[in-house]
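These notes concern the structure reproduced below.
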Amino acid sequence: MKKKALSALLAGALAVSLLSACSSNEPQNISDVSASTADDTSTAATAEAAPAGAQEMTFVLNNIPDGLDPGVTNNSFAQYVLINCFEGLVTYDESGSLVGGCAESWDISDDGLVYTFHLRDGLKWSDGTPFTANDFVYSIQRVLTPSTAAQYVSMVTGYIKNAQEFYDGTATADDLGVKAIDDQTLEITLIQPTSYFIDVLSMWVYDPVQQATVEANGDAWTSSPETYVCNGPFKVTGMSLNENVILEKNENYWDAENVTLDKLTFRYILDNSTALTAYESGEVDGIISIPSSDYARLKAEKAGVQVYPSYGTVYYNINCSVAPYDNPLVRKALCLAIDRQSLIDNVVQVDAEPAYSFLAPGYSVDGKDITEGRSNYGLSATADVEAAQAALAEAGYPNGEGFPTLQLSYYQDDTVKKIVEAMAEMLKNNLNINVEVSSNDWAIFYEDVQQGNYEVAAMGWSADYLNPMSFLPLFKTGDSSNNSFYSNPEYDALVEQVMSESDTAKAAELTMQAADLASKDYCCLPLYYKSNSFLMHDNISGYYMTASSNLYFKHVVVS
Amino acid sequence: MVKFILKRLGMMLIAMFMIILFTFIIMHAVPGGPFTNTKGVPEEVIAAMEEKFGLDQPYYVQFFSYLKGILHGDFGPSYKYTGQTVNEFISSGAPVSARLGGVTVIFVLIAAIPMGIWAALKNGKWQDMLLMALATIGVTIPSFVIASLLIYAFSYKLNWLPTYGLDSWQSYILPVVALGGYSISYLARLMRSSLLEVMGQDYIRTARAKGLTEFAVVTRHALRNALIPVITVLGPTIAGLLTGSFVVEKIFAIPGLGYYFVNSVSQRDYTTIMGVTIFYAAFLMAMVLLVDVFYCMIDPRIKFES
């Protein structure tokens, strides 16, 4: 993922909302992903205004993705193009419900292992050639080919039968649990009856890519509009490396009659203040990133600030494998010493909720957010100095005496720098310990974090798919994303159980048990649950963003 | 002259080899690699990527296969941007930077040299004071400050000029002023002091004594010698302007080469670091050579052999 974890949170990966693995294709309404922010100026409903004038718009992005191949990249900056140019078996509608994409309907076998997808009639690629179930088979096999270097490969190997074996070369295509029964029927067989597989399936790593163009052009198929064949509401008609990507309506999309927007230009402007000036002077219609120093003013002026809930948490890693941070009491003291509300209001200046756990709210089962009513683990929005000092004393460092200098690491980023400086002050003053702050560029910082060469480090997570399972591996022993080196056999066992649980309600219960366990141990230093915000002028309507930050333009109308 | 140029070309080749070697060594010495990623990409995928790009080979093998590529004009694929080659980065970014740089160079020359001459001729008068005060400000204020102020005034407040891009002639105005500000000020000051020095020489007095007009004295006798220091710095200045300024390009969202020059380093995109460095170095060397050849043309005292 691009670079910075915090900005990554602004973007995000594939989202989902859905639950119960009952065998039906009915759109299942999850949660109105509980908005962590009040004024959701949601323009989600399909605009009914009659189109007037040119149906063209320009939207500014502030980061350049590392590639536009859905099978390869896991870069959240790629989502704007991928989400709007490709459509997988399932997708999201305006209400955040998971609905059929290429698949019109699907059935799930009684044992929860076999998914049968029925594709829509007359599907076509953007170049007009026919689209069949075999295109999905090819695409998934390609992801499972080591030379593809698919960054999200574990999202396939972890769930589909014989996918890991196929990747390792010990199973053939015949053994793989992905088969085209006929041109319009696709069958996927799982390793175990995972209740949230359909959520995972919404990720773009499962998007179809066209065999003909990939084989004719190799890696370069994504680098020119002529060879960038896709199947979604829009197709690419222009791309200029670090300047822009131009999308136009794809007449071959199955639902093209409901796509009004003719031309959508994604312009890269890396300097946020330039982007804001371009927005305020009316040169562009929307921008993805709002400079935090202007946030309050823009909101007050009603300048088009759009706030959407986001399924992500900003937290700091505490290295649980080194002393004294291997002691939960020390971690508790750190968590208690932070004034979250002050960070949110005075430092970051965004709409956000203080966080007491790594697991963000936003996933519901039977209309109830699974995190509802959970403990706050003794934490509060403001710092609790007494309790923090008591915890530190209990850990053997009364009044901070004898506590080694705390190393607080972060990566070079203006916002993160401000947070770190404020946190360092809070830790110093509230715990009476020494804090040393150090920063590095992202590549060096992240390598240190991965190798456990840190004490407390800036991090964060935004869900790849809208299911709490997207968070749980972060603290599972041995998982490549567990950079906190938290290890608890009980937690690991619960996570394993969630993965093989076919009942959604039970899976949710186990999830909360696991999250409680790790949160009680203060496995990390949670700061706040994020919301996503961007700017869009009033004359644009019909866009919507999912809780995993995917921004859909297919129903946009310019008035 | 041919011998001189050939000799210089030979030296440039050696210098280029050293640049490539040192860049390669420093680049690999810095911690972190191109595939460092936040989303917990499995080890096996990173290994597959390293194998794909030959990063699993020993350094010397990588180095020589890279050299071989360069000799064929192939800077290799980007490690960071799937499906893109460094040649594409350069061929798309360099012309944009060169377009902006070219306009800026012309603007700088048209503004700086007359400013310097005028200030020298009005030495000590208010015109001189004013111009040199402006030039001092121009040298000391960084381009990003000038750029931000210009955008605030002309795009945001007055809404006269576009904020970003390089799509119309109006859109050139702000970035050209921001990018050229420093060079104009610096060259104008240099031009002034150099001309003042020459004007005090005996041969100028001789020229005046012959009864030549002041205009003829300046243009025919003084300027040719006074331009030499200006031309010396003009070479690298032009190379710098043409190959782009990261700061100005970023602020005005101009899709030039500067982005790759800076971002490739933080992203550890090895081939891009190498490719852009080589391109920039080659360009700089060519400009310096051109300046040397140009010296001999304007000043007969300088010989190719020397």
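Read the figures in this text as sums done on the coordinates, not as results from a lab. What you are looking at is a predicted structure, and each value in this text was computed from that prediction instead of being measured. Cβ atoms come from the backbone with ideal geometry, glycine included; neighbour counts cover every protein chain shown.
By the gyration tensor of its Cα atoms, with a ≥ b ≥ c the square roots of the eigenvalues, what is the shape of segment A:369-420: rounded for a/c under 1.5, prolate for a/b over b/c, or oblate? Because a/c hits 1.5 or more and a/b fails to exceed b/c, segment A:369-420 counts as oblate.
Diffusion coefficient (Stokes-Einstein, Kirkwood radius over C-alpha pairs, 10 °C, 1.306 mPa s) for segment B:42-125: 93 µm²/s, rounded to a whole number. Each label was represented as a point 7 Å from its Cα along the Cα-to-Cβ direction; for residue A:212 and residue A:439 these points are 5.1 nm apart. Distance between the pseudo-spin-label points of residue B:68 and residue A:405 (7 Å out from Cα toward the beta carbon): 5.0 nm.
Number of Lys-Lys pairs in chain B with C-alpha atoms under 22 Å apart and a separation of 8 or more places or on different chains: 9. Does a label point 7 Å from the Cα of residue B:141, set along Cα-to-beta-carbon, have any residues of segment B:148-178 with amide nitrogen under 17 Å, and which are they? The answer is B:148-158, B:173-178.
Counting only alpha carbon atoms, the long axis of helix A:414-431 and the longest principal axis of chain A meet at about 30°.
Quick check: Cα centre of segment A:377-423 to Cα centre of segment B:57-110, how many Å? If you average the Cα positions of each part, the centres end up 46 Å apart.
Can you tell which of A:167, A:241, A:186 lies farthest toward the positive end of the dipole of the protein assembly as shown, using +1 and -1 charges on the Cβ of basic and acidic side chains (Lys, Arg; Asp, Glu)? Looking along the dipole axis, the top candidate is A:241. Once you reduce segment B:160-185 and segment A:294-361 to the center of their Cα atoms, the two points are 40 Å from each other.
Shielding by partners for peptide A:66-74, expressed as the average number of C-beta atoms from other protein chains within 10 Å of each residue's C-beta, is 4.
Pairs of Cα atoms nearer than 8 Å and 6+ residues apart set the relative contact order; for segment B:100-255 it is 37 percent. Backbone amide hydrogens, once placed in the peptide plane, bring residue A:244 within less than 5 Å of A:268, excluding anything fewer than 5 places away on its chain. Take each residue of peptide A:134-146, count the partner chain Cβ atoms within 10 Å of its Cβ, and average: the result is 1.
Helix B:59-71 and the long axis of chain B differ in direction by around 50°, with both axes built from C-alpha atoms.
Sequentially through segment A:286-294, phi angles give Karplus couplings (6.51, -1.76, 1.60; θ = phi - 60°) of x, 9, 7, 10, 9, x, 5, 5, 9 Hz, Gly and Pro residues having no value and appearing as x. Please tell me which of these pairs span more than 29 angstrom C-alpha to C-alpha: A:235/A:476; A:179/A:368; A:235/A:530; A:368/A:520? Pairs exceeding 29 Å: A:235/A:476; A:179/A:368; A:235/A:530. Here the 3J(HN,Hα) profile of segment B:170-183, calculated from phi with Karplus coefficients 6.51, -1.76 and 1.60 at θ = phi - 60°, is 5, 6, 6, 4, 5, x, 5, 5, 5, 6, x, x, 5, 4 Hz, Gly and Pro shown as x. Each of residue A:506 and residue A:539 was given a label point 7 Å from its Cα along the Cα-to-Cβ line. The distance between the two points is 5.7 nm. Cβ-Cβ distance of residue B:118 and residue B:293, R₀ of 30 Å, FRET efficiency by 1/(1 + (r/R0)^6): the value works out to about 0.55. Comparing A:200, A:75, A:466 along the charge dipole axis of chain A, the residue lying farthest to the positive side is A:75, per the Cβ-charge model. Put simply, the amide H of residue A:185, placed in the peptide plane, has neighbours under 5 Å in A:119, A:133, leaving out anything fewer than 5 places away on its chain. Roughly how many Å is it from the Cα centre of segment B:194-251 to that of segment A:176-231, as a whole number? After rounding, the separation between the Cα centres reads 65 Å.
Cross-link reach is defined here as a Cα-Cα straight distance under 16 Å, omitting same-chain residues fewer than 8 places apart; for residue A:417 the lysines meeting it are A:3, A:4. Rounded to the nearest 20, the size of the Cβ-charge dipole of segment B:100-255 about its Cα centre is 440 debye, with Lys and Arg at +1 and Asp and Glu at -1. The relative contact order of chain A, computed from alpha carbon pairs under 8 Å that lie at least 6 residues apart in sequence, is 24 percent.
You can think of it this way: the chain between residue A:375 and residue A:296 has 25.3 nm of extra reach, that is 0.36 nm per residue less the Cα-Cα gap.
Computed over the protein assembly as shown, the per-residue total of -39500 (n - 2.57) for DSSP H runs of n ≥ 4 gives a 222 nm mean residue ellipticity of -13000 deg cm²/dmol, rounded to 500. Charge dipole (Cα centre; +1 on Lys/Arg Cβ, -1 on Asp/Glu Cβ; no other charges) of chain A amounts to roughly 940 debye.
Of the residues B:75, B:31, B:257, the one whose Cα sits farthest towards the positive end of the charge dipole of chain B is B:257 (charges of +1 on Lys and Arg Cβ, -1 on Asp and Glu Cβ, taken about the Cα centre).
Remark: the residue B:149-residue B:125 segment gains 5.6 nm on full extension, using 0.36 nm per residue and subtracting the alpha carbon distance. For chain B, the relative contact order comes to 27 percent (Cα pairs under 8 Å, sequence separation of at least 6).
Placing +1 on the Cβ of every Lys and Arg and -1 on the Cβ of every Asp and Glu, with no other charges, gives segment A:66-202 a dipole of roughly 260 debye about its Cα centre. Angle of helix A:504-520 to the longest C-alpha principal axis of chain A, folded into 0 to 90 degrees and rounded to 10: 30°. Summary of packing: across the peptides A:301-308, B:246-253, the per-residue average of other C-beta atoms within 10 Å ranks them, highest first, as B:246-253, A:301-308.
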